[in-house]
Number of protein chains: 4
Amino acid sequence: MPAAAATPFEPRKMPVQARSTVTVEAISEATIQVLLTHGSDRLTTTRVAERAGVSVGTLYQYFPNKAALLFAVIQDHLEAVADQVEAACERARNKPLDHMMREMVEAYVNVKMERADISVALYNVAQDVGGSVLIKRVMLRLRKAIEAMLQTAPDVEVQPDRFAIEMMLAAMSGAMRSLLEAGGSAAMMRTLREHFVLLCQSYMGAISARRN
Amino acid sequence: MPAAAATPFEPRKMPVQARSTVTVEAISEATIQVLLTHGSDRLTTTRVAERAGVSVGTLYQYFPNKAALLFAVIQDHLEAVADQVEAACERARNKPLDHMMREMVEAYVNVKMERADISVALYNVAQDVGGSVLIKRVMLRLRKAIEAMLQTAPDVEVQPDRFAIEMMLAAMSGAMRSLLEAGGSAAMMRTLREHFVLLCQSYMGAISARRN
Amino acid sequence: MPAAAATPFEPRKMPVQARSTVTVEAISEATIQVLLTHGSDRLTTTRVAERAGVSVGTLYQYFPNKAALLFAVIQDHLEAVADQVEAACERARNKPLDHMMREMVEAYVNVKMERADISVALYNVAQDVGGSVLIKRVMLRLRKAIEAMLQTAPDVEVQPDRFAIEMMLAAMSGAMRSLLEAGGSAAMMRTLREHFVLLCQSYMGAISARRN
Amino acid sequence: MPAAAATPFEPRKMPVQARSTVTVEAISEATIQVLLTHGSDRLTTTRVAERAGVSVGTLYQYFPNKAALLFAVIQDHLEAVADQVEAACERARNKPLDHMMREMVEAYVNVKMERADISVALYNVAQDVGGSVLIKRVMLRLRKAIEAMLQTAPDVEVQPDRFAIEMMLAAMSGAMRSLLEAGGSAAMMRTLREHFVLLCQSYMGAISARRN
DNA sequence: CATGAATGAGGTTTCATTCAT
DNA sequence: TATGAATGAAACCTCATTCAT
């Protein structure tokens, strides 16, 4: 992707005053709302500002350009996801593999479901805006967390390598995406969660027992 | 996605073998090239026409609008994928489950790898243009093919339900996407293929043995 | 001047059809008119297009950006000036120094007067748009022409160096600018012309006799 | 130039010695610095304020608008020039014409060279901001000073008229501008000074001896 | 049928200026 | 008095689409 090359994404101004924080918050929220109600190709900075109840000028005081705005919103979302999954991995240490997988998958699915709308809204823009960097960063965090967790598993003989873990994560998020975009119901989500658990358990199980 | 609502996507005119015309072919190919060299946000109809060696006017004689052009290109690609995988499923009938999975996965990975550039180029535009319809259609074809294949498996006791199969497909294509976008090497692709085989085998194995 | 760095100024499309030529002509003319009636800081591409009776899009089909438009207009003007003065220098060869100076000055003043409005309009924008390159180019042409002419003067013993000639030109155009901007009448222009003649004659006379 | 019509240029408030306040001084200086480092088209009030170490609000407390700020800065510069040249004219009274011209030219060139950066920075903005009024005012002061000086010249028989003197000044400042904008070295400046001396001497000499 | 000049709505971004704190 | 967040008009430029030739 040659697009979105060398644009400065750093926030233009760190909100210090209370008023500012509210404003930035409103703009981020509005971005998601516009994304949901108008679609990614009709997401304009003017519309976002309007929805946020501020002027375009204000928007540009906090975000140097449209890409930076989207970048920031994606970052917020991905960090929330990573936080939840990391926490789950902490909790599941020293438990058996199946328990670990269940814990991890449930954390992932739950946080995605809570923010299903945001997830869907962001899928499309991520790429255009250099979101791949962020995705890689999250991938790294999650892989590390899972690796650390697996090290403490009593019933894992062969530690899965990086590749296997990343593939599992990619598979899970890919499938999640498909389902969210298809607009799955809450009931389907629960089924999905169980399937994910099974998928991860069986895959990791197969890997960690390979050499035996 | 509320975007791309009621646009007529069918090619504007379709004389006996219009879609096989050199011109249409050239335009489709040019679309992919522009997508690859300029990125999705700098894909303009004029640029495509230029690259194809025709005028914009000509382009609009074969495609009613930009969305229809992209729609057609995506359709071509997805159909090629579906064709290959379906064929593999035919070949693998009456073989044991593990063989089936290997056959199916290899067909999928191979066709995606052959057209890796196209795949990457299209991921981003698919959504904006109503590609989800096409994706659903392919999903359906593949699920049917796999179901039919699984019915003939000697070692499957419990037939996996629709959901499980679709999830497997979603997981596989999601992970594939991650890798393609990350620009994985040919060597990595081979590793990936083996992992996919393992993942699908273990997952389907777990499913089809559940009730036992 | 750090501004106006690396913008591509080349015309976007060489007008080939008759229609196009008319359009380009109209746009150039409109640029000058807008410059005269609205001032350089209210020269907008929209306004120019409007005045030219075309749409903005059309303007941008022939000029890649605003700077390129101005650049082209300035170039046209400066080339016209250089052409006239060069021709005068040709005509005055082998004449005595005073005659040469008169011929050269009159050519310069006349062409500037004919297009007084254009001159005034362009002074301000030249700098913002990288016009200094063009000015240097004209300076060079004129200096060469004058040098060649002076070589044939029967009454010049010491040939003036580059610097002297360029300074004379700079002085003349500087003073011309002052006068045009002050809005001098036609009568004043005639007086000015005579003064220029005297100034150049005496200055060049002093220089070319220095060593004696 | 129809631009910059009816804006109040006078400083907004003028307490006893407001113009000597540190703040005003800092703002003026910052204006020049921004002009030099960013160019005239990226001269923004916010940037000036920032550079001056004050807030925009403060800037607007001392200058009613951007134009007034620039106007004031130009005025300062031009007055400094006029002061120096006037003083030189005083000193040269009763001396012979050639001496007068040398004195006057050297004063002009020296003051311009000392503030070469400021000069260059201001050339471009002067016009947009109604600077022509100021230029006329300076022209008047200088002409008066020169006239008064010439009256005391022992070797001038025919007093040059207004026009001749103003043209000389215009020629000198025009040429100066060319050179400064071309970024002439200090050595070139010295050469330039000698050429100016020669030019003015010969021109004024020719004028003042005309009727003889 | 093909061409490509013309269109113009609409998107992004800047910046002079104000005013509540 | 000083601050700097907020404003919003207005500038530049793009690009899908049409239609006379």
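The values are calculated or read from the model by the stated rules, or taken from the named source; none is laboratory data. What you are looking at is a predicted structure, and each value in this text was computed from that prediction instead of being measured. Counting neighbours? That spans all protein chains shown, and the Cβs are built from the backbone with ideal geometry, glycine included.
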Among A:Arg47, A:Arg51, A:Arg42, A:Arg115, which is the only one that is farther than 26 Å from A:Met139 by Cβ and modelled with pLDDT under 95? A:Arg42
Out of B:Leu140, B:Leu134, report the one residue that is under 20 Å from A:Met188 (Cα atoms) and either touching a Cys at 6+ places or on another chain (Cβ under 9 Å) or among the aliphatic types (A, V, I, L, M) (or both). B:Leu140
Here the residues within segment D:53-84 that are of a type outside the set (Gly, Ala, Ser), within 13 Å of DNA strand F (Cβ to nearest atom) and assigned to a helix (DSSP H, G or I) are D:Val56, D:Thr58, D:Leu59, D:Tyr60, D:Gln61, D:Tyr62, D:Lys66
Go through A:Val197, A:Val138, A:Val105, A:Val109 for me and flag whichever is within 11 Å of another protein chain (Cβ to nearest Cβ), modelled with pLDDT of 85 or more, surrounded by 14 or more Cβ atoms within 10 Å (Cβ to Cβ) and assigned to a helix (DSSP H, G or I). A:Val197
Mind checking which residues of segment A:157-171 are crowded, with 18+ Cβ neighbours inside 10 Å and within 7 Å of chain B (Cβ to nearest Cβ)? A:Ala164, A:Met167, A:Ala170, A:Ala171
Looking at segment A:53-81, which of its residues are more than 19 Å from A:Val125 (Cα to Cα) and crowded, with 20+ Cβ neighbours inside 10 Å? A:Tyr62
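Would you check if A:Lys95 is away from DNA strand E (no atom under 16 Å from the Cβ), part of a loop (DSSP other than H, G, I, E, B) and in contact (Cβ under 8 Å) with a residue 12 or more places away in the chain?
Numbers: away from DNA strand E (no atom under 16 Å from the Cβ): yes; part of a loop (DSSP other than H, G, I, E, B): yes; in contact (Cβ under 8 Å) with a residue 12 or more places away in the chain: yes.
Taking the combined requirement at face value, the residue satisfies it.
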Looking at segment B:200-207, is at least one residue crowded, with 20+ Cβ neighbours inside 10 Å, more than 8 Å from every other protein chain (Cβ to nearest Cβ) and within 24 Å of A:Ile165 (Cα to Cα)? yes
Top-ranked residue of segment C:24-37 - restricted to ones that are away from DNA strand E (no atom under 15 Å from the Cβ) and more than 9 Å from every other protein chain (Cβ to nearest Cβ), ranked as surrounded by the most Cβ atoms within 10 Å (Cβ to Cβ): C:Thr31
Which of the residues that make up segment B:158-193 are farther than 17 Å from A:Leu199 by Cβ, without any contact (Cβ under 8 Å) to a residue 12 or more places away in the chain and assigned to a helix (DSSP H, G or I)? B:Ala182, B:Ala187, B:Met188, B:Arg190, B:Thr191
Could you grab me the full set of residues in segment D:146-156 that are in a helix (DSSP H, G or I) and crowded, with 19+ Cβ neighbours inside 10 Å? D:Ile146, D:Met149, D:Leu150
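Could you please find all residues in segment A:38-84 being near DNA strand E (Cβ under 10 Å from one of its atoms) and touching a Lys or Arg at 6+ places or on another chain (Cβ under 7 Å)? Give the derivation first.
Keep residues of segment A:38-84 that are near DNA strand E (Cβ under 10 Å from one of its atoms), which gives A:38, A:41-49, A:55-61, A:63-70.
Correct list: A:His38, A:Thr45, A:Gln61, A:Phe63, A:Pro64.
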For segment A:119-129, does any single residue satisfy the condition of being closer than 27 Å to A:Met149 by Cα and either assigned to a helix (DSSP H, G or I) or within 16 Å of DNA strand F (Cβ to nearest atom) (or both)? yes
Every pair of residues 6+ apart whose Cβ atoms lie under 7 Å, when the first sits in segment C:55-81 and is among the polar types (S, T, N, Q) while the second is within 16 Å of DNA strand E (Cβ to nearest atom): C:Ser55/C:Ala49; C:Thr58/C:Thr23; C:Thr58/C:Ala49; C:Gln61/C:Arg12; C:Gln61/C:Lys13; C:Asn65/C:Thr7
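Please indicate, with yes or no, whether at least one residue in segment A:158-165 is aliphatic (A, V, I, L, M) and either under 14 Å from the mean Cα position of the chain (by Cα) or farther than 16 Å from A:Val85 by Cβ (or both).
Residues of segment A:158-165 that are aliphatic (A, V, I, L, M), as a first pass: A:158, A:164-165.
Now restrict to residues that are either under 14 Å from the mean Cα position of the chain (by Cα) or farther than 16 Å from A:Val85 by Cβ (or both): A:158, A:164.
The answer is yes; a qualifying residue exists.
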Which ones in segment C:200-212 are of a type in the set (Gly, Ala, Ser) and part of a helix (DSSP H, G or I)? C:Ser202, C:Gly205, C:Ala206, C:Ser208
